[in-house]
Every structure is written in C-alpha cells, then in structure tokens.
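**Student:** Handing you this structure, nothing more for now.
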Amino acid sequence: MTAYPKTAALMARGAEFLGSEYAILCGAMSWVSERNLVSAISNAGGFGVIACGAMTPDLLDAEITATRALTDKPFGVNLITMHPMLFDLIAVTAKHGVSHVVLAGGIPPKGSVEAIKAFGAKVLVFAPTIALAKKLFRSGADALVIEGSEAGGHIGPVSTGVLAQEFLPALAEEHIVFVAGGIGRGEAIASYLEMGAAGVQLGTRFAAATESIAHPDFKKAFFRANARDAITSVQVDPRLPVIPVRALKNKGTEEFTAKQIEVAQALDAGSLDMMAAQLEIEHFWAGALRRAVIDGDVERGSVMAGQSVGLVTTELPVATIIANLLDQCEAALSKRLLVA
Ligand SMILES: Cc1cc2nc3c(=O)[nH]c(=O)nc-3n(C[C@H](O)[C@H](O)[C@H](O)COP(=O)(O)O)c2cc1C
C-alpha cells in the first residue's frame with residue numbers, strides 16, 4: 001500500500017519504465033550528480049542519474065561501480081552527445097549493464113541509440129520540437145524529456161508550461177514523456193501528471209540536498225537566492241555566439257559581459273581574428289561549474305541554478321525532499337477529486 005495512491009496511479013507508467021518507486025528523476029548535474037546524490041535519490045524511491053559530463057571512460061567506469069556499491073536500485077547515466085568518446089562511454093555503460101542511458105546536449109549521433117539498445121538499456125532523449133521527438137521515437141528512443149527555459153544549466157528558449165501544452169497532448173498517450181524545468185513543489189508535479197506526463201525531472205531542488213557533495217558555499221548561494229537571481233547568460237555581439245545557460249547572477253556574470261565587449265572591440269580593431277575571438281568567449285566559463293560546485297567559488301564560478309531556486313531555502317535530506325513533493329502532489333490531487 002502506498003501512502004500516495006493518486007500520485008502513484010498517475011506515475012505508474014513512468015515508474016514502471018524507470019523501475020523506481022516514483023517517477024521522479026533527479027536530472028544529471030555535472031559535478032553534483034555523482035555516486036552520493038545518485039544513490040540517495042534511487043534509495044529514496046526516485047531515479048538518480050550520473051552526470052558523465054566530460055568524464056573519461058575510466059572515470060565513468062569507477063563512478064558506476066561506486067554508485068552500485070551504494071544502491072541496489074536502478075539509476076541512469078547521462079551522456080553528452082558531443083563527447084568525443086561517446087561510443088567508448090556507451091561501451092562502459094554496456095559493461096555494467098546500466099538500465100537507462102540519457103542522451104543530452106544535442107541530436108544523438110548516428111548509431112548511438114542503436115548501440116545503447118543493443119545491450120538492452122532504455123534510451124531517454126531530449127528534443128526541442130515535436131517533429132524531432134517523433135523522429136527520435138521512430139529511431140528507437142524509449143522516452144523523452146521536455147525541458148523548459150526555467151531550468152538550471154544549458155537551456156532552450158521555451159518555458160516548461162508552453163512545452164508541456166505543445167508536447168503532452170501530441171505525444172504522451174503513445175509515449176513516455178517526462179517534464180523538467182522549474183518544478184519545485186508537488187502541486188506542479190500534479191498538474192503535469194494530469195496533463196499526461198509519465199513523470200517529472202528536477203535538478204535545482206536536489207542540488208543542495210544533504211547528500212549532495214556541492215560545497216557549503218554553493219548550497220548557501222542557493223538558499224539565499226530568489227527566482228529572479230537565476231538569470232540566463234547574455235550574448236552581447238551577434239558575431240560571438242553564447243550558449244544560453246541559467247545560473248545565479250554574480251561577479252563572473254558581469255565579467256563575462258565585460259569580456260564580450262572587450263573581445264568584440266579587439267575584433268573590430270583587427271587585433272583578434274574571428275576564430276581566436278570565439279575561442280576566448282567559449283573558454284571564459286571553462287571549469288567554471290567545477291569552481292562553484294567543488295571549490296565553492298560562488299563569485300567567479302558558474303552557480304548553475306533554475307528559477308525554482310527561490311523555493312530552496314534549507315538543506316534537507318533527499319528522502320525528505322521527495323516525501324514533501326509527494327505529500328504536496330497527493331494533497332493537490334485529492335483536493336481536485338473532492339471538487340469533482
Ligand atoms: C548545477 C546544474 C548542472 C546541470 N548539469 C547538467 C548536465 O551536465 N547534463 C544535463 O543533461 N543537464 C544538466 N542540468 C539540467 C538538469 O539535469 C535538469 O534537467 C534541470 O536542472 C531541471 O530543471 P530545474 O533545475 O528547474 O529543476 C544541470 C542543472 C543544474 C542546476
């Protein structure tokens with residue numbers, strides 16, 4: 001008997017797909033989603049995902065082994081599609097018989113979905129349009145994550161509320177779709193489940209959990225921040241592309257704007273060519289997330305956070321966060337049923 005019967009009923013498809021008790025994924029967060037947080041999420045009935053990020057195959061191998069030592073529940077591995085060793089990383093997940101692989105950061109390259117399915121794992125993908133999502137399902141993807149611009153980290157331009165209205169009616173009956181971005185409370189989970197989502201994915205809500213290895217200053221920055229402090233990186237010059245990332249406003253954000261102006265001026269003056277100029281912009285944030293998460297440099301590092309950061313006010317164990325979300329979701333669903 002579950003304490004959350006209505007929530008469990010609406011999450012049944014997603015939970016069955018993930019092999020977890022509840023269809024609540026903790027989205028992979030580079031440097032944050034390692035063995036401790038991932039195992040804590042899965043042990044608490046959610047679904048943890050290791051962030052492979054820029055890891056080498058050897059490091060991923062060790063991380064999966066260490067996570068397995070901390071949980072016997074299923075968890076996933078997030079691989080970035082642009083990683084130069086993507087197929088070697090897939091081989092590592094195959095060696096360990098990882099049950100779910102999330103392909104993030106772009107359209108999966110030819111053969112990657114097939115390589116994952118070949119060893120029996122399920123593949124989760126992201127897609128910015130319905131047409132692309134359908135194409136990915138046709139080529140073997142098992143589930144889709146739609147992620148709105150409220151989310152922390154690298155983001156697309158459309159909000160979760162609008163994506164949910166576009167994608168869920170078109171795809172959710174036939175396919176497994178998880179909704180991510182801006183979810184901080186269970187009432188929001190209830191809404192997306194009612195709209196047809198199989199489950200949800202949260203990142204920001206879990207980044208400052210007790211089990212997260214993020215530096216105490218990184219967590220404090222989360223507790224202090226309001227929704228409006230989680231801003232997207234701004235592009236100053238059309239010649240110098242900037243990938244939108246949502247993070248807490250700090251000195252680094254200001255310096256990044258100043259750097260773009262300086263580089264654009266150097267470009268105009270002819271003291272930098274286009275290639276060198278674009279590289280300077282690209283390299284500005286190199287290692288910046290690690291500086292914030294691991295070293296605690298919240299002034300110059302990149303404190304990636306979604307707008308739901310305003311709802312994160314204290315450090316709580318993962319199990320408490322999940323229980324709170326489920327309580328809120330169940331209460332919201334119960335109220336609606338009473339009205340009916
Ligand atoms: C600090 C941080 C790092 C992240 N790193 C990654 C990553 O490496 N790969 C990825 O696919 N998503 C990454 N994300 C996105 C999360 O997996 C998740 O989809 C997102 O946080 C959900 O939205 P929310 O932050 O509003 O809960 C990151 C998010 C945060 C806050």
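The values are calculated or read from the model by the stated rules, or taken from the named source; none is laboratory data. Since the model is a prediction, treat every value here as computed from it, not as a measurement. Glycine also receives a Cβ, built like all others from the backbone with ideal geometry; neighbour counts cover every protein chain displayed. Protein only, heavy atoms only, side chains kept; ligands, DNA and RNA dropped before computing areas. Shrake-Rupley method; radii C 1.70, N 1.55, O 1.52, S 1.80 Å.
**Student:** If I model a spin label as a point 7 Å beyond the Cα along the Cα-Cβ vector, how far apart are those points for Val234 and Lys335 in nm?
**Tutor:** Result for the modelled spin labels: 3.7 nm.
**Student:** Before I look further, what does the stretch 1-70 give for accessible area per residue, probe 1.4 Å, in whole square angstrom?
**Tutor:** Working: 2750 Å² over 70 residues.
Result: 39 Å² of accessible area for each residue.
**Student:** Using only Cα atoms, find the angle between the long axis of helix 274-284 and the longest principal axis of the chain, and express it within 0 to 90 degrees, rounded to the nearest 10.
**Tutor:** Helix 274-284 sits roughly 50 degrees off the main axis of the chain.
**Student:** Also, I was wondering about something else. If you line up the long axis of helix 86-95 against the longest principal axis of the chain, both from Cα atoms, how many degrees apart are they, to the nearest 10?
**Tutor:** That works out to roughly 30 degrees.
**Student:** Regarding the chain, what are the three Cα extents along the principal axes, ordered largest first, in Å?
**Tutor:** The Cα atoms of the chain stretch 69, 43, 40 Å along their principal axes.
**Student:** Then there's this: Given 0.36 nm per residue, what is the gain on full extension from Ala258 to Met274 after removing their alpha carbon distance, in nm?
**Tutor:** On the way: separation 16, 0.36 × 16 = 5.76 nm, distance 1.78 nm.
Stretched out fully, the Ala258 to Met274 stretch lengthens by 4.0 nm.
**Student:** With every protein chain kept in place and ligands, DNA and RNA left out, what is the accessible area per residue of the stretch 87-208? Probe 1.4 Å, answer in Å².
**Tutor:** Values: 4630 Å² over 122 residues.
Accessible area per residue: 38 Å².
**Student:** While we're here: In debye, nearest 20, what is the charge dipole magnitude of the stretch 87-174 about its Cα centre with +1 on Lys and Arg Cβ and -1 on Asp and Glu Cβ, if you could check?
**Tutor:** Approximately 340 debye in magnitude.
**Student:** Taking 0.36 nm per residue of separation and subtracting the Cα-Cα distance, what length does fully extending Thr210 through Glu166 add?
**Tutor:** Values: separation 44, 0.36 × 44 = 15.84 nm, distance 3.56 nm.
Between Thr210 and Glu166, full extension yields 12.3 nm more.
**Student:** Follow-up. Taking Lys335 as the anchor, which lysines have their alpha carbon closer than 28 Å to its alpha carbon, excluding any fewer than eight residues away along the same chain?
**Tutor:** Straight-distance partners of Lys335: Lys6.
**Student:** Count the DSSP beta bridges whose two residues both fall in the chain, then state the antiparallel fraction as a percent rounded to the nearest 5. Don't jump to the answer; show the numbers that get you there.
**Tutor:** Values: 6 of 34 bridges.
Antiparallel bridges: around 20 percent, rounded to the nearest 5.
**Student:** Then there is this: Return the carbon/sulfur percentage of the accessible area of the chain, one whole number, probe 1.4 Å, all protein chains in place. Present the calculation step by step, with values, prior to reporting the outcome.
**Tutor:** Details: 8610 of 14990 Å².
After summing per-atom areas, the C and S share lands at 57 percent.
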